[in-house]
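Below: one structure, written as structure tokens.
The values are calculated or read from the model by the stated rules, or taken from the named source; none is laboratory data. All values derive from a computational prediction rather than experimental measurement. Note that we place each Cβ from the backbone using ideal geometry, even for glycine, and neighbour counts take in every protein chain shown. With ligands, DNA and RNA removed, areas are computed over all heavy atoms of the protein, side chains included. Shrake-Rupley method; radii C 1.70, N 1.55, O 1.52, S 1.80 Å.
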Amino acid sequence: MSGRQRIIKRLKSYWKLEAGNAFLIPAMMFWFTGGNLGLVSYVAMAPMILLLLIGAAYWHAKWLQLTDASFDIVPHLTIFRRLRTPALVLTITALGWTIYAWLNTSISVGFADRVVASIASGLALAEYVNYYHRQLQHFDNVADFKRLLRGKGFRRSQMAIDLEEVGADQTGKS
């Protein structure tokens with residue numbers, strides 16, 4: 001199997017996994033806490049869900065780009081670029097609200113609410129960095145994992161690279 005075929009195979013299921021996580025993770029949080037969640041958790045879940053859906057849509061678009069020669073990814077990248085600032089604002093809000101809930105416990109419905117908010121806002125931050133800046137995830141690709149173990153650090157995320165290329169194309173730079 002060629003490198004391209006391996007990427008296509010991996011992306012075919014990967015985007016579905018990201019989309020599923022956008023629903024599965026909040027459902028698990030709700031289930032584990034018996035639904036004992038409050039506003040602090042829901043505020044923290046919002047950017048986490050948004051970023052997982054952005055990731056799912058991005059990887060689906062990349063899969064389509066590789067499997068359909070007529071597919072134009074640029075309009076999708078434009079949307080991901082427009083969602084960057086709202087995703088960041090929501091993530092910062094979630095982190096701030098979560099920290100405030102730990103400092104002022106009366107705004108949460110209990111310990112589980114604060115724990116869920118912490119996990120959700122942490123995942124939102126990780127997903128934001130993972131998509132818009134540096135690839136944090138290295139467990140799903142042997143080459144990336146080996147690169148990390150060799151001390152080469154975290155590489156730029158593929159979406160960050162694509163957004164930069166599209167930005168250069170749209171501004172007339174090369």
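When 124, 117 are checked against the criterion of being over 22 Å from residue 34 (Cβ atoms) and modelled with pLDDT of 95 or more, 124 stands alone in meeting it. Looking at this structure, is residue 90 modelled with pLDDT of 90 or more and within 21 Å of residue 50 (Cβ to Cβ)? Judged against the criteria, residue 90 is a match.
Name the residues in region 18-38 that are assigned to a helix (DSSP H, G or I), farther than 20 Å from residue 162 by Cβ and either open to solvent by 40 Å² or more (accessible area, probe 1.4 Å) or of a type outside the set (S, T, N, Q) (or both), would you? Within region 18-38, 20, 22, 23, 24, 25, 26, 27, 28, 29, 30, 31, 32 meet the criteria. Pairs meeting the criteria (first residue in region 1-29 and acidic (Asp, Glu), second residue open to solvent by 40 Å² or more (accessible area, probe 1.4 Å), beta carbons under 8 Å, at least 6 apart or on different chains) are 18/53; 18/59. Residues in region 39-57 that are open to solvent by 10 Å² or more (accessible area, probe 1.4 Å) and of a type outside the set (A, V, I, L, M): 42 alone. The single residue among 19, 44, 57 that is more than 20 Å from residue 113 (Cα to Cα), modelled with pLDDT of 95 or more and in contact with a helix residue (DSSP H, G or I) (Cβ under 6 Å, 6 or more places away or on another chain) turns out to be 19. Taking the numbered list (1) exposed (fewer than 13 other Cβ atoms within 10 Å of the Cβ); (2) of a type in the set (Val, Ile, Thr); (3) modelled with pLDDT of 95 or more; (4) within 25 Å of residue 14 (Cβ to Cβ) in turn, residue 142 passes all entries but (3). Taking every residue in region 100-124 that is free of Cβ contacts under 8 Å to residues at least 60 places away in the same chain and pairing it with any residue that is part of a helix (DSSP H, G or I), at least 6 positions away or on another chain, the pairs with Cβ-Cβ distances below 6 Å are 102/114. The condition of being surrounded by 15 or more Cβ atoms within 10 Å (Cβ to Cβ), of a type outside the set (S, T, N, Q) and at pLDDT 95 or above does not hold for residue 166.
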